[in-house]
Every structure is written in C-alpha cells, then in structure tokens.
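One structure below.
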Amino acid sequence: MAFGTDLHRASDLLVSVSVRAEVNRPKITNLVMAAMEELTQLALEEENMWLVDPDTGNRVLNNVEYNRRFGPLDPALEEVLRLIKTEGPLQLLDLNNTLQSTEVGSISLQTEASIETGLICTTPIILVEMFLNVEQWSLLFSSIVAEARLLEVLSRGEQENLDGAIQVIAAEFHVSSPLVHTREGYFARYCKQLGFDSWVVVDVSLESIFPNPATKFIRRPSGCVIQAVQNGYSKVTWIEHLEVDNTLVHHLFKPLVVSGYAFGAKRWIGTLACQCDRVASYLDDRVMLMRDGRRNLLKLADRLVRNYYSSVSASSENVWKSIPMAGAEEDILIITTNYNDDHLEMPRGVSVTFTTTIRLPTQPNKVFEFLRSGDQRNQWDLLSVNCHTNEKARVRTGRNPGNCVSIVTIDNSPLIFYLQESRTNTAGSYVVYSPIDLFALNSVFGGENTDNIQMLASGFTILPDKPRKNGEEAGGTLLTIAFQILDDFASTPEYLPPMSVTTVYTILAETVLLLRASFLQ
C-alpha cells in the first residue's frame, strides 16, 4: 500500500511540474477550449450526434458524424459519408462498430460513449461550485470517485466568477466491488458560462500533451451542460466519452463494463439526482424528528455509506487477497486494516473486510426491496434468524421511497439496533448498515456531536447482471455482499489466522445460502 501511495505522489509531482511549465500552459488552455466546444455540440445537437440502438433503446454516439467533425481528415470517411447519402442511413450502426477502438502503444483501447439527461433539484451555479471544488465533487460522487486530488489551478475564472476556471486533477473511478478494476487518470477541468444560467463543465485527459504508452484509460471530452429550468431545478445533460483497456474484466461484470454501463452517463446522472435530493431532505419539515436530530442522522448515515464505498472498492489503497481456504466456491476476497487512535470514526483494533459477488435470477428492484426491508431482515441476517425484526424509524432522502435512512431493531435480548441507509437510482442500488448502541442513538437524536461515533459498514451493492434491452424488465442481479467485523484472533494486514479464515468463510457461505433460498421460494 505504501509503495502505491509513493508511486502516486511521484507521478502527481511530475504532472504538477509539467503543468506549471510556461510552454505547456497555452497547450492545456487550447485543449480545454476545444474540449468545451466538442462537449457542447455533443450535448446540444443530439439528433445529429447520437443514434438510437433499436435493440436496447439506448443512445449511441454517431461515430461517423463525430469523426467528420472532430477526427483527423480521412478520405475513406468522406467516401463513407457519400455512400450514406446515396444508400441511406441504415448502415450507420454497423459502421459505428468499426470506429470504436484506438491503439495506444501496444494496448488496444475500447471506446465507450454515453449520454443521459436528468432534472436536478438545485440551481446551475450551485452545481458549478460543487464541481469546481474537487473535495466536494469527490464526496458528491463517492460511489463513482474513489479518490481525487487537485494538482494545479491554471485559472480561477474572471474575478469572483468561475467562468473560465481551469484545474488539473488526478482521479480514480470505481465500482463498489473489488472484482471491478478502477480507472485512473490525469485530466484538465474547464468551466465556461454559455449564457445566463447556462454552463458547461468539461474534463479532458492530458494524454495529447503528455503521452504515456502504458495508458489504459483516457477521458475524452466528458462532463455536463447545465441549464436552468423552473422552480430552482437544473436540466443536466451528462456525457461520458472514454477510451479504456477492458481486457482484464472479471467474467461476472464483463457485460456491464464492456457495454459502458458500469461507468456511463446514466450512473453519473442517477447519482447526482439522488445526492441533490438527499441534501434537500435535510430541510424537510414533514419528517417527525427535530431538525438537529434529523441532520445528525443523515450526516452519520452518509459517513457510513461513504465508508462502505471506499472499503469495498478495488482502489489502489486497498490490497485485496483471495481467502486462503481450499474448496471455496465463490470469489471471496479479504482485506485487514489496523485502526488506531488516529481513526476516531472507526473502532480501535484490526478490522477484517470480506466480500463476494453472486448472481441471482431475480430482478434488481426486487432484491433491493427485500434487503432494505426491516421486517424481512431475519430471512438473511445470521444474527436475527428466528428473531422478530422491524423498522422503528425512517427518514426519506429522495423522491423514490427506497431512498431513506432507517433504524432497524432485532427484538433479541439485549435489543440490537442497526443504522441503515438504502439508495437506489436508474443505474444501481445500495443497502448499507452498521450496529449502533442506544447511547449513540440518543446522542444522534439529541443533536449532539456524532463525529466520535464508531461504525463499521457492511452491506450490498445491487446491479443488473447485464444491460437491459429495449423495454425488457426481466433479468438477474449481480449482488456484492460485504461485511466488516472486528477480529479477535490476532490478525494483521499480512497474516490471517486459521480461526479468522473459518469465521469469514462461514459468515459469507451461510449468508449466501440464506439469500439464494429467499429468492428461490
């Protein structure tokens, strides 16, 4: 882990020094201005720049038109355009397939392009300010952004306005499963005001200025166009246009990753909409809780969920190992972390995080509803089997009733409480929870400081097993199951005692059996 961190620091320093060089500043400025023009055309000229795939109903980039506008001049492309004009546009989708790969050194990169539009319950200027604050941006999209670092500010915009701001950022993007490799890269971010209450924020990789033959991830002009609409809402058109090496994708996730679904625009828009709804719920006076107590509860649950995202990620900070047990049927991965007095939010001692991903034949929405139900917890939770479980309190955090924070109890002796948050959007769902004692709950509802409440996040990542075809509702679920527990058997980051291995395997194996049984009834 230390080696990876040192490597990142050295690479960041090299990029920072290169970016500051006077010879490179105008190159980066020209690059981001061209990227802004490209992204604006992709977002605002949908009819020309995007096609509808008749099999999936999804919009796919019109690569012929894209290359005509933004690619290098190619006589063969002109001949293709002539044929389309004379023979009709039916061949466009087939032609797209021949224009979707790029050679970088000896690596063949696959192109992924997606577009999604959504109504977001906040104003354009608030969104722009969040996107130009890298720390806020990474927290807002913590389910997608594993880590982000601001390396350089080339322009802060005009006076107090963010119009014209240019930043250089290092970021790592992830899915909440260690089976999906992260994507890392350096890119410039540019903010431009298009008109009154209309903005564009664009990211573009720096590969054209600082080429790297070992690159496995390039961010072509990606980002969003933000336009004000009525009642303080914004219309956000998001575009993700990437080049990536997908040769090492795990077989379970291959349909989602290779199709572009796992890191596509739908996921960014779905996450943004849910997070902005969640912020609005802080001020929802219809909830029967004192405002300070509600704010505390939501703040604590948000910290819990972000801990889950980071703990279950394949981020370079996490060094996962296969469980050392012969005959283990699933891909069980494990990591140990030693928390000391510097980690006030975590229980002191050695924490063991272990996870696996299974496929279920049930639709993702049904799996989500089952797992978030307090009344059905005793059907899969080993601690509550044969006990009565129910939801004691709930605070909605979005327009979808599935987005909520709740307190779930197990009527055992003594009474067990769980803090749980469930989140769902069009691209995926999460159910995350942690045990919490009555003393901590009282301090939460009493409006006291919750920074020292210690929790370990466990939970589920719920994704479709493949992209859905047009109008298709049937299909299975990829369910990632993750537990974090304190270990009492002298585990270290380098060594896991046999007793700990047995405990980990037993918990996961028996939970998987209960879940499979629940969805086969």
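The values are calculated or read from the model by the stated rules, or taken from the named source; none is laboratory data. Because the structure is predicted, anything quoted here is derived from the model rather than measured. We place every Cβ from the backbone using ideal geometry, glycine too, and count neighbours over all the protein chains shown. Remember, those area values only see protein heavy atoms, side chains included, never the ligands or the DNA or RNA. Shrake-Rupley method; radii C 1.70, N 1.55, O 1.52, S 1.80 Å.
Values computed for the structure shown
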item: First in the range 453-467 and assigned to a loop (DSSP other than H, G, I, E, B), second anywhere and basic (Lys, Arg) and surrounded by fewer than 21 Cβ atoms within 10 Å (Cβ to Cβ), Cβ under 7 Å, 6 or more apart; result: ASP465/ARG359
item: So ARG468, is it among the basic types (Lys, Arg) and within 27 Å of ARG295 (Cβ to Cβ); result: no
item: Selected residue (criterion: most open to solvent (accessible area, probe 1.4 Å)) from residues of the range 483-508 that are at pLDDT below 80 and touching a strand residue (DSSP E or B) at 6+ places or on another chain (Cβ under 6 Å); result: PRO493
item: Within the range 172-252, strands (runs of 3 or more DSSP E) holding 2 or more residues that are farther than 29 Å from ASN24 by Cβ; result: 222-228, 234-244
item: Selection from the range 306-320 of residues that are open to solvent by 50 Å² or more (accessible area, probe 1.4 Å) and more than 21 Å from LEU479 (Cβ to Cβ); result: GLU317, VAL319
item: Scope the range 26-56; condition open to solvent by less than 60 Å² (accessible area, probe 1.4 Å), outside any helix (DSSP H, G or I) and within 23 Å of LYS235 (Cα to Cα); matching residues; result: TRP50, LEU51
item: Options PHE187, PHE173; residue that is under 20 Å from GLY118 (Cβ atoms) and at pLDDT 95 or above; result: PHE173
item: Candidates ALA273, ALA328, filtered to the one that is open to solvent by less than 50 Å² (accessible area, probe 1.4 Å) and modelled with pLDDT of 90 or more; result: ALA273
item: Some residue of the range 460-467 being in contact with a strand residue (DSSP E or B) (Cβ under 8 Å, 6 or more places away or on another chain), among the aromatic types (Phe, Trp, Tyr) and assigned by the TED database to the domain that holds GLU345; result: yes
item: MET290 being modelled with pLDDT under 75, more than 18 Å from SER422 (Cα to Cα) and out of contact with any Asp or Glu (no Cβ under 9 Å at 6 or more places or on another chain); result: yes
item: Residue within the range 436-455 that is farther than 15 Å from ASN296 by Cα, open to solvent by 10 Å² or more (accessible area, probe 1.4 Å) and of a type in the set (Val, Ile, Thr) present; result: no
item: All positions within the range 130-171 that are surrounded by fewer than 16 Cβ atoms within 10 Å (Cβ to Cβ) and closer than 20 Å to LYS299 by Cβ; result: ASN133, GLU135, GLN136, LEU139
item: Among (1) crowded, with 17+ Cβ neighbours inside 10 Å; (2) in a loop (DSSP other than H, G, I, E, B), the one test that PHE370 misses; result: (2)
item: Tally of residues being among the hydroxyl-bearing types (Ser, Thr, Tyr) and either more than 15 Å from the chain's Cα centre (by Cα) or in a strand (DSSP E or B) (or both) across the range 253-266; result: 1
item: The range 187-206 - residue that is open to solvent by 50 Å² or more (accessible area, probe 1.4 Å) and touching a residue at least 40 places away in the same chain (Cβ under 8 Å) and, of those, nearest to GLY260 (Cα to Cα); result: LYS192
item: Qualifying residue in the range 465-482 (condition: touching a helix residue (DSSP H, G or I) at 6+ places or on another chain (Cβ under 6 Å), open to solvent by 30 Å² or more (accessible area, probe 1.4 Å), within 24 Å of GLY398 (Cβ to Cβ) and at pLDDT 85 or above); result: no
item: Pair list, Cβ under 8 Å, 6 or more apart: the range 120-145 residue under 15 Å from GLY223 (Cβ atoms) and in a loop (DSSP other than H, G, I, E, B), other residue open to solvent by less than 10 Å² (accessible area, probe 1.4 Å) and of a type in the set (Val, Ile, Thr); result: LEU132/VAL201
item: Qualifying residue in the range 386-395 (condition: under 30 Å from CYS121 (Cα atoms), in the same structural domain as GLY459 (by the TED database) and of a type in the set (S, T, N, Q)); result: no
